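Here the structure is laid out as structure tokens; the discussion comes afterwards.
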Amino acid sequence: MKTKGRDWKKAQLLLHHLRPAASALLLGMGASLLLTLLRMAFTQVVRFTVDGVLLGDVSSLPAFAQSLAPGAQLAGACALAAAIALGRFAVSYVQDSRLPMGSERFTKSLRDALYSRIQRLPYSWHVQHAAGDIIQRCISDVEVVRAFVMDQLLELLSTLFMIVTCVVIMFGMNVKMALLATAFVPVIVGYSILFYHFVSAKFVKADEAEGALSAVVQENLTGVRVVRAFGREKAELDKFREKNNHYTDLWLKLGDWMSAFYTLGDVMSILQVFSIVVLGVHMCVGGEVSLGVYLAFVSYARELTLPVRRLGRTISEMSKANVSMDRLLYILEAEEERTTESPAEADLHGELRFEHVSFAYEEKPVLRDVSFSIPGGKTLGVFGGTGSGKSTIALLLARLYDPDEGRITIGGVDTKDMDLHTLRRSVGIVLQEPFLFSRTLAENIAITKEDASREDVALAAQNACLDASIGEFRDGYETIVGERGVTLSGGQKQRTAIARTLLSGAPVMVFDDALSAVDAKTDEAIRTRLREAAGGSTLILIAHRVATLMQADQIIVLEDGRIAESGTPQALLETNGAFARAAAMQAAMGEEAQA
């Protein structure tokens, strides 16, 4: 029952995405079936010409042609053959133009659905899946499904139609020869079905290996700076070779099995034609069938041979398409982010509260009963060591994750009750390692505000202390930053991310160690402008550098996922807590550096 349900879901998937291509596919399929009929008709013209015109057996001709003179019969047969040939050319054009159109529409619909679904999947899903594997599913697996539906499946329907047509015509001419011609068909089909079940699991392993190989390549290319900086080229090459060798070995073994399958299928097809030729010659010499009927049977047997071989191969190809559809359904059936149907309106410039919030990554506790509040328009500093849960606060605030316990409110409204899109546009986050697109600096800054003018972009860059660096670039704001911002320094990337967040004017702005890659002087300059540039927005500054947090209205200190200290910067410095000790240590290190 479980398998039947899964097969029904795959059928629904195909039918849904075939709708945009329905008209083109129906026209192309109709042309394909008509082409089959024209080929069958041409063979009958040859049969009638041989028996009725060349051998003089007028009774074998259609009734309307029996009274014609031999010359007129031959001319009529030639004209009919020429008309069929011209008709085949015209129908072939329709088939070859409509089917590719339907194929592209089907592929577009499927890829649109996949990409749309991926955009709506939760952040936690993306964290758990390698980008290379997702890309492989959206490209390679879609292509496998497209090839099966548009090539093999349509060919299967055409083949079945041809087999039925051939069988009907052959039984109408001679039952004994027809039985021999069709005896091999169930054998080849049954053999193909058994082989399909045998290789399905092997195709799963091969596809998984391809996904792993794609993930290694994608990881290496995106991390090329780290690979070069630490001299990891040989290690990365060895890792790629290991995955590539495993992937290649799987496909070589599959190739051996497929070759054996195809060869045995070809042997069966050749035996089929050979049997028809031997029996047909014997019956023709014995006078049981005419020469025209014998030639027609040989022609139909040859026509039947290729479709039957294709039928076997098509059934065997179902294993690949079956695996690929499973991989596509895995994405399409993944649970989307939970959103509320009736979102509540909230004052996003109001008070922000964490109320007894606890959270764990895969059962590993990160935050434990964390509670704090920030009045709207004020600045909160978050201080703590690595792994203390600082960055998790930013992720929970934007609902990239939901807390396991407790709740987060803005303006008194639970963030779970807000419109997810509105919430995320209202919470601007600058990460320690910001992502930049392979576009110009101006486009990267303006990405948070589509209608931003060049003056708005320049002002945001000035407030982020980025304008001086941009002035040093030859193309200024039109400088292409390169993939993931590789042409910029770490500090320039961070300041670009700060500029685009300031430009957004989000009611809540979170700076997660966003000044870690800039020097102390630039840090101070940005902090001096930040409060004014942010206007009435609520600011959350997450940092390990004490000086970065000194202008905050309030600071919380996290230790092992709990709030260990809380208060104003001056109040915390007067205690002997973690914040005061870190301040003394960093001050001493600064004095040593100056000395």
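Just so you know, all these numbers are worked out from the coordinates, no wet-lab data involved. These numbers were taken from a predicted model, which means no experiment stands behind them. Cβ coordinates were reconstructed from backbone atoms using ideal geometry, including for glycine residues, and neighbour counts include every protein chain displayed.
Rounded to two decimals, the Cα radius of gyration of region 352-594 over 2.2 N^0.38 Å is 1.02.
On the beta carbon distance between Val127 and Asp326, with R0 = 30 Å, the FRET formula returns roughly 0.85. Placing unit charges on each Cβ (+1 for Lys and Arg, -1 for Asp and Glu) gives region 151-336 a dipole about its Cα centre, and among His246, Ser299, Ala178 the Cα reaching farthest toward its positive end belongs to Ser299.
For Glu405, the residues whose modelled amide H falls within less than 5 Å of its own, excluding neighbours fewer than 5 places apart on the same chain, are Ser358. Applying the Karplus relation 6.51 cos²θ - 1.76 cosθ + 1.60 with θ = phi - 60° to region 294-305 yields 3J(HN,Hα) values of 4, 4, 5, 5, 4, 5, 5, 5, 5, 4, 6, 4 Hz, where x marks Gly and Pro.
Ranked by the mean number of other Cβ atoms within 10 Å per residue, highest first, peptides 241-251, 442-452, 291-301 order as 291-301, 442-452, 241-251.
Shape class of region 1-51 from the Cα gyration tensor (axes a ≥ b ≥ c, square roots of the eigenvalues): oblate, since a/c reaches 1.5 or more and a/b does not exceed b/c. Considering only Cα atoms, the convex hull volume of region 151-336 works out to 142 Å³ per residue. Computing Rg and the Kirkwood Rh from the Cα coordinates of the chain gives a ratio, Rg/Rh, of 1.19.
Take every Cα pair under 8 Å whose residues are at least 6 apart in sequence, average their separation, divide by the length of the chain, and the relative contact order is 13 percent. Within region 440-538, the ratio Rg/Rh, alpha carbon atoms throughout and Rh by Kirkwood, equals 0.93. The protection proxy used here, the mean number of other Cβ atoms lying within 10 Å of each residue, ranks peptides 80-91, 209-220 as follows, highest first: 209-220, 80-91. Of the GluC sites (Glu not before Pro) found in region 350-399, the ones in coil according to DSSP and having at most 12 other Cβ atoms within 10 Å of their Cβ are Glu362, Glu363. Rounded to the nearest 20, the Cβ-based charge dipole of region 18-120 about its Cα centre (Lys and Arg +1, Asp and Glu -1) stands at 800 debye.
With contacts taken as Cα pairs under 8 Å and at least 6 residues apart, region 18-120 reaches a relative contact order of 52 percent.
Projecting the Cα atoms of Met258, Asn220, Thr409 onto the charge dipole of the chain, computed from C-beta unit charges around the Cα centre, puts Met258 farthest toward the positive end. Within the shell of other residues whose beta carbon sits under 15 angstrom from the beta carbon of Glu559, the net charge comes to +1, with Lys and Arg scored +1 and Asp and Glu -1. Over region 283-410, Cα pairs under 8 Å with separation of 6+ residues give a relative contact order of 23 percent. Normalised by residue number, the volume inside the convex hull of the Cα atoms of region 18-120 is 89 Å³ per residue. Distance from the C-alpha centroid of region 146-160 to that of region 403-479: 49 Å, rounded to the whole angstrom. For Ser438 and Asp249, what does the FRET efficiency come to when R0 = 25 Å and r is the distance between their Cβ atoms, rounded to the nearest 0.05? After rounding, the FRET efficiency stands at 0.10.
With a Förster radius of 60 Å, plug the Cβ-Cβ distance of Ile447 and Glu288 into 1/(1 + (r/R0)^6) and report the FRET value to the nearest 0.05. The calculated FRET efficiency here is 0.15.
Charging the Cβ of each Asp and Glu at -1 and of each Lys and Arg at +1, and nothing else, the dipole of region 238-282 about its Cα centre rounds to 120 debye.
Seen through its C-alpha gyration tensor, with square-root eigenvalues sorted a ≥ b ≥ c, region 515-595 comes out oblate because a/c lies at 1.5 or above while a/b is not bigger than b/c. Pairs Lys108/Lys320; Lys239/Lys493; Lys9/Lys243; Lys10/Lys320; Lys108/Lys449: which exceed 25 Å Cα-Cα? The pairs that break the limit, which is 25 Å between Cα atoms, are Lys239/Lys493; Lys9/Lys243; Lys108/Lys449. In this structure the amide hydrogen of Asp419, modeled in the peptide plane, comes within under 5 Å of the amide hydrogens of Ala344, none closer than 5 places in sequence on its chain.
Anisotropy class assigned to region 323-447 is rounded, per the alpha carbon gyration tensor with a/c under the 1.5 cut-off.
What's the angle, to the nearest 10 degrees (0 to 90), between helix 154-173's Cα axis and the longest principal axis of the chain? Between helix and principal axis, roughly 10 degrees.
Reported to the nearest whole Å, the Cα centre-to-centre distance from region 84-113 to region 279-299 is 38.
Projecting the Cα atoms of Leu110, Gly71, Leu34 onto the charge dipole of region 18-120 (Cβ charges, centred on the Cα centre) puts Leu110 farthest toward the positive pole. Using Cβ point charges alone (K and R +1, D and E -1), the dipole size of the chain about the Cα centre works out to roughly 1980 debye. Among the listed pairs Lys202/Lys364; Lys390/Lys416; Lys378/Lys416, those whose Cα-Cα separation exceeds 32 Å are Lys202/Lys364. The C-alpha atoms of the chain define a longest principal axis, and helix 490-504 lies at about 90 degrees to it. For the peptides 272-279, 392-399, the ranking by packing is 392-399, 272-279, with the highest mean count of neighbouring Cβ atoms within 10 Å listed first.
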